[in-house]
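Below is one structure, written out as structure tokens, with a few remarks after it.
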Amino acid sequence: MSRMHTIPLHSVYRSVELWAGQSEAQIIEAKRQIDLVREMHDPVELAAFAEDHGNAPESRALARDMVLAGKEARQGCAVDLEVLIARTGGINRVDDVLGRMAGHHYSGWWPASWWPNNQT
């Protein structure tokens, strides 16, 4: 049994992997949000975006990664990193079993509009 969970890859946009199984409208919205995140620089704003369950998981992961990278560069951060990591756990396209057990896919964080193959 594989201990890794992988969501199929749709494409890569601005170095961010987009998940397969989404409608074209969802892909367009994810790309728009990725562009929005790329323009953000404030770690508090990025953390708030990453923690917002209404945003696309791809753009949330990017925002989280930008906060974490900024923390490493500055060795200090205005964001509670433990809270950020807890609220964004498991939003990666490739995750291990422990990440799934942390309760991300089936605990309600993923809005119905982002479920794979949901055309609403």
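Among the residues of the stretch 59-73, is there at least one that is touching a strand residue (DSSP E or B) at 6+ places or on another chain (Cβ under 7 Å), of a type outside the set (A, V, I, L, M), modelled with pLDDT of 90 or more and within 20 Å of LEU9 (Cα to Cα)? It would help to see each step written out before you state the result.
Initially, the stretch 59-73 is screened for residues touching a strand residue (DSSP E or B) at 6+ places or on another chain (Cβ under 7 Å), giving 62.
Checking which are of a type outside the set (A, V, I, L, M) leaves us with none.
The answer is no; no qualifying residue exists.
Hey, can you tell me all the residues within the stretch 15-42 that are more than 12 Å from MET66 (Cβ to Cβ) and assigned to a loop (DSSP other than H, G, I, E, B)?
ALA20, GLY21, GLN22, SER23 - these are the residues of the stretch 15-42 that are more than 12 Å from MET66 (Cβ to Cβ) and assigned to a loop (DSSP other than H, G, I, E, B).
Among the listed residues ASP52, ASP42, ASP80, which satisfies the condition of being modelled with pLDDT of 55 or more, of a type in the set (D, E, K, R) and either surrounded by 14 or more Cβ atoms within 10 Å (Cβ to Cβ) or closer than 20 Å to GLU17 by Cα (or both)?
On the way: ASP42 fails: either surrounded by 14 or more Cβ atoms within 10 Å (Cβ to Cβ) or closer than 20 Å to GLU17 by Cα (or both); ASP80 fails: either surrounded by 14 or more Cβ atoms within 10 Å (Cβ to Cβ) or closer than 20 Å to GLU17 by Cα (or both).
Checking each option against the conditions leaves just ASP52.
Quick one: in the stretch 1-29, of everything that is polar (S, T, N, Q) and at pLDDT 75 or above, which residue is farthest from the chain's Cα centre (by Cα)?
In the first step, residues of the stretch 1-29 are kept if they are polar (S, T, N, Q); the result is 2, 6, 11, 15, 22-23, 26.
Next, only the ones that are at pLDDT 75 or above stay: 11, 15, 22-23, 26.
Numbers: SER11: 15, SER15: 13, GLN22: 15, SER23: 17, GLN26: 14 Å.
In this case the residue turns out to be SER23.
When you go through (1) assigned to a helix (DSSP H, G or I); (2) at pLDDT below 75 one by one for TRP110, which number turns out not to apply?
(1) is the only condition that TRP110 fails.
The values are calculated or read from the model by the stated rules, or taken from the named source; none is laboratory data. Model, not experiment: these values are computed from the prediction. Ideal geometry is used to build each Cβ from the backbone, glycine not excepted, and the neighbour counts take in all protein chains shown.
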